[in-house]
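Okay, so here's the structure we're looking at.
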Amino acid sequence: MAEIEEFLKIREREGLLRTLKPVSWRDKGRIRVNKKEYIDFSSNDYLGLSGHPKLAEEAKKAMEKFGTAACASRLMSGDLELHHRLEERIARFKNKEAALFFNSGYQANVGIISSLYGKGDCIFLDRLSHASIIDGVLLSGAKFFRFKHNNLEDLDSLLKKERGRFNKALIITETIFSMDGDRPPLRELVRLKERHNCEIFVDEAHATGIFGKNGGGVVEEEGLEEKIDFIMGTFSKALAGFGAYLATSKKAVEYLVNTCRSFIYSTALPPVIIACNLVSLDLVEKEPYRRDELLEQARYFRDGLKAEGFEVRGQSQIIPVIIGDNAKTLDTAKRLQEKGYWVLPIRPPTVPEGESRLRFSLTFHHSKEILGKLIDDIRI
Ligand SMILES: Cc1ncc(COP(=O)(O)O)c(C=O)c1O
């Protein structure tokens, strides 16, 4: 207990103590916290689908038909026809042979990576990989090497030096990085994987529903479906649902059903969620204007901030404004919160030391009018 108290004291002194802040209401990009209303710049409801009436309708129908819970894991009696419809739909959406649904993005990454790779293998992952990827790699027991963010030369030299000593080799990247909002040189990464006899795994958590002609993601936009062995993504962000998917080969799906512990040893998600995920995929297809407008708004916001002299990163709806110093980042976030913007400071260990930032996560509901006013308010 003394150790816990000491840890909390240090975190508080350094301005790094995290606390929970309960939200009492949410609608169209706005939230209420502590009885105060804010424009929410921290949600992943990128397409603004979370309040869509079609989702509410479908949720009601699924609840009436199946009740509240799946009542068992997939390998017991929790395997619903709905899961199979969803998986077939995902495979088509991602243009792959097969797909497997997971209970969350975290469970997917931890389970998939640690099932497919192990002792005697090696994994090369981007330095900015999400915690769920890192945990999957650690759990796998494979030897791993972290290459500099989006740096092909660094990866190539690591591959030249290390690849030969191992059996299988995997390269992992995200297609939109969660903290920097940028994308990797995917085509070149595929070339490296081919040259060095590796497999490649991509996490499309923040790209699904946003990029590509059909909203399939960055892999679709770049036409690389055939070349990418494992395409993972989530329903918890732009698709305003929950759970995650892996789109891959039939054999890999069959293997994971038999070996992946986070898939096997967890109760299947409530049917309502699965039914809503199916509707979200329809909405992504039928309402492309949502992603077009979102990306246009993001461009407007990023360009406006750059014109004001801010250091802004990324090429997506995630817009980090690098402040650097922890205390200054906290102060700016506090000032914006007082003005009614729910924007959160992101600090180490989530991002590297010296790169504390405000992370603006844009949604379809953030009009140019709102964003223009926000640019004025950040400047002051
Ligand atoms: C890149 C990335 N992968 C995976 C996850 C985990 O997804 P989920 O929230 O569905 O567990 C996240 C969530 O923040 C993420 O940003």
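The values are calculated or read from the model by the stated rules, or taken from the named source; none is laboratory data. All values reported here derive from a predicted model rather than from experimental measurement. A quick note on method: Cβ atoms are made from the backbone with ideal geometry, for glycine too, and the neighbour counts reach across all protein chains shown. When the accessible area is computed, the model is the full protein with side chains, heavy atoms only, and any ligands, DNA or RNA have been set aside. Shrake-Rupley method; radii C 1.70, N 1.55, O 1.52, S 1.80 Å.
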- prompt: Of all accessible surface on segment 148-282 at a 1.4 Å probe, what whole percent is carbon and sulfur?
  reply: 48
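Return one quarter of the surface area of the convex hull spanned by the alpha-carbon atoms of segment 269-319, equal to its mean projected area, in nm².
Working: hull surface 18.9 nm².
The number I arrive at for segment 269-319 is 4.7 nm².
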query: Between residue 143 and residue 8, 0.36 nm times their residue separation minus their Cα-Cα distance comes to what?
result: 45.3 nm
Highest to lowest packing among 252-263, 63-74, scored as the average C-beta count within 10 Å: 252-263, 63-74
field: Per residue value of the accessible surface for segment 53-286 (all protein chains in place, 1.4 Å probe), Å²
entry: 42
- prompt: Could you give the Stokes-Einstein D for segment 2-137 in µm² per second, using the C-alpha Kirkwood radius, 20 °C, 1.002 mPa s?
  reply: 109
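Assigning unit charges at the beta carbon (Lys, Arg +1; Asp, Glu -1) and nothing else, what dipole magnitude in debye, to the nearest 20, does segment 53-286 show about its Cα centre?
So the dipole magnitude of segment 53-286 works out to roughly 440 debye.
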message: With just the Cα atoms defining each centre, how far is segment 172-200 from segment 48-93? Give it in Å.
response: 31
- prompt: Between residue 34 and residue 227, how many nm apart are label points set 7 Å from Cα along the C-beta direction?
  reply: 5.0
- prompt: Which distance in Å, rounded to a whole number, links the C-alpha centroids of segment 105-135 and segment 293-363?
  reply: 28
query: Out of residues 5 or more away from residue 40 or on other chains, whose amide H comes under 5 Å of its own, with H placed 1.01 Å from N in the peptide plane?
result: 30, 31, 342
- prompt: Check residue 147: other-chain or 5+ apart residues with amide H under 5 Å from its amide H, H built from backbone geometry?
  reply: 125, 126, 127
Listed residue pairs exceeding 26 Å between alpha carbons, taken from 60/96; 28/61; 119/160: 60/96
field: Label point distance in nm, residue 331-residue 213, each placed 7 Å from Cα along Cα→Cβ
entry: 5.1
message: So, R0 is 30 Å and r is the distance between the beta-carbons of residue 350 and residue 84; what FRET efficiency does that work out to, to 0.05?
response: 0.25
task: Kindly provide the helix-only [θ] at 222 nm of the chain, computed as the sum of -39,500 (n - 2.57) over DSSP H runs of four or more divided by all residues, to the nearest 500 deg cm²/dmol?
output: -13000 deg cm²/dmol
message: For a protection proxy built on the mean count of beta-carbon atoms within 10 angstrom, sort 152-164, 352-364, 2-14 highest first, please.
response: 352-364, 152-164, 2-14
field: Full-stretch length increase - residue 188, residue 167 - with 0.36 nm per residue and alpha-carbon distance subtracted
entry: 5.3 nm
query: Given the Cα atoms of the chain, and with Rh set as the inverse mean 1/r over their pairs in the Kirkwood sense, what is Rg to Rh to two decimals?
result: 0.97
message: Can you give the FRET efficiency to the nearest 0.05 for residue 265 and residue 377, using r as the Cβ-Cβ distance and R₀ = 45 Å?
response: 0.40
